[in-house]
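Colleague: Have a look at this one before I ask anything.
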Amino acid sequence: MQKIVVINGSPREQGSTAALVDEISKGAGNRGAQVKVYNLNSMNIKGCQSCYACKAQGRCVLQDDMQELYDEIASASGVIFATPVYMWQMTAQLKLAVDRLYAFLKPDYSSYLTPGKKVLLAVTQGRPDTSAFHHYFEHMGKMLLFLGFGDYKILIAGGTRKPEDLLSQTTVVEEARQLGGWLVE
């Protein structure tokens, strides 16, 4: 059975980002995948200290909840990075975890990750124009490629201040489910 790991950067565990993750998870689950969600706001994750110990030891030396995420990401066939847009970018909660992904790079900048791990960037935003922040998340996708992740796709749901806003957008819900299936193809 394939495993999909969700790294949810929203501070609202029942907000529109969680609703988007639920719809994506339905698509992955319909293909037989196990989906495991991590809500970063309730986890203890410190910021990267730029100590480079991960280059000498092959793993970050900070002992916090990120250690569990490293194992989960490494063993997953796909990863969903989910976030609402805050100040034109991902939340601070997700940024802490993303910075710590630097530990997946070896000293020669090759990756410890198994090739082919698909990524979905699942984004919600209050602003209806879904192209407004797309460039930021395109940059994030390219950074994840550099870290050794595989193909990535971006799903941005606009005008989603509350879960009902998202669930009323049938096109977004359908695309979310299709992308959940794509993660396990």
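Colleague: Could you tell me the distance between the Cα centroids of the range 112-185 and the range 1-78, to the nearest Å?
Modeller: Computed from Cα coordinates, the inter-centre distance equals 15 Å.
Colleague: Right, next: Sticking to Cα atoms, compute the Rg of the range 77-185 to one decimal and its Dmax as the biggest Cα-Cα distance, whole number, in Å.
Modeller: 14.5, 47
Colleague: Would you mind telling me the antiparallel percentage of the DSSP bridges in the chain, rounded to 5?
Modeller: Details: 2 of 26 bridges.
So the antiparallel bridges amount to about 10 percent of the total.
Colleague: Please order Ile80, Ile73 by the number of other Cβ within 10 Å, starting at the fewest.
Modeller: The fewest-first ordering by Cβ neighbours comes to Ile73, Ile80.
Colleague: Return the distance in nm (one decimal) between the two label points of a simple spin-label model at Lys36 and Lys162, each offset 7 Å from Cα along Cα→Cβ.
Modeller: Placing both labels 7 Å beyond Cα along the Cβ direction yields 3.4 nm.
Colleague: May I ask you to evaluate 6.51 cos²θ - 1.76 cosθ + 1.60, the Karplus curve with θ = phi - 60°, for each residue of the range 88-96 and list the ³J(HN,Hα) values in order in whole Hz, giving x for glycine and proline?
Modeller: With the stated coefficients, the range 88-96 comes to 6, 7, 5, 5, 4, 4, 6, 4, 4 Hz.
Colleague: Using the Cβ atoms and a cut-off under 11 Å, what net charge is assigned to the surroundings of Tyr152, where Lys and Arg are +1 and Asp and Glu are -1?
Modeller: Numbers: positive: Lys117, Lys118, Lys142, Lys153; negative: Glu138, Asp151.
Summing Lys and Arg as +1 and Asp and Glu as -1 gives +2.
Colleague: Between Gln169 and Gln14, what length comes free when the chain is fully extended (0.36 nm per residue of separation minus the Cα-Cα distance, one decimal in nm)?
Modeller: On the way: separation 155, 0.36 × 155 = 55.80 nm, distance 1.75 nm.
Roughly 54.0 nm would be gained on extension.
Colleague: Nearest 0.05, what FRET efficiency do Asn44 and His135 give at R0 = 35 Å with Cβ-Cβ as r?
Modeller: 0.65
Colleague: Filter the chymotrypsin sites (Phe, Trp or Tyr not before Pro) in the range 55-125 to those in DSSP coil with at most 11 other Cβ atoms within 10 Å of their Cβ, and list the result.
Modeller: Passing sites in the range 55-125 are Trp88, Tyr109.
Colleague: Same structure, new question: Please give the charge dipole size of the chain, origin at the Cα centre, charges +1 on K and R Cβ atoms and -1 on D and E Cβ atoms. Round to the nearest 20 debye.
Modeller: Computed about the Cα centre, the dipole is about 260 debye.
Colleague: Cα-Cα pairs above 26 Å in the range 1-152: how many percent?
Modeller: Summing the P(r) of the range 1-152 above 26 Å gives 22 percent of all pairs.
Colleague: Evaluate E = 1/(1 + (r/R0)^6) for Lys142 and Tyr86, where r is the Cβ-Cβ distance and R0 equals 22 Å; express this FRET efficiency to the nearest 0.05.
Modeller: Computed FRET efficiency for Lys142 and Tyr86 comes out at 0.60.
Colleague: Under the rule of -39500 (n - 2.57) per DSSP H run of 4 or more residues, summed and divided by the residues of the chain, what mean residue ellipticity at 222 nm is obtained, to the nearest 500 deg cm²/dmol?
Modeller: On the way: 7 runs with 71 residues, N = 185.
Result for the chain: -11500 deg cm²/dmol, rounded to the nearest 500.
Colleague: Same structure, new question: How high is the FRET efficiency between Ala74 and Tyr52 when r is their beta carbon distance and R₀ equals 25 Å, given to the nearest 0.05?
Modeller: Details: r = 20 Å, r/R0 = 0.80.
Efficiency at R0 = 25 Å is approximately 0.80.
The numbers here are math on the coordinates, done by the rules we state, and not lab data. The structure displayed is predicted, hence computed values, not measured ones. Neighbour counts are summed over all protein chains in view; Cβ atoms, including those assigned to glycine, are modelled from backbone coordinates with ideal geometry.
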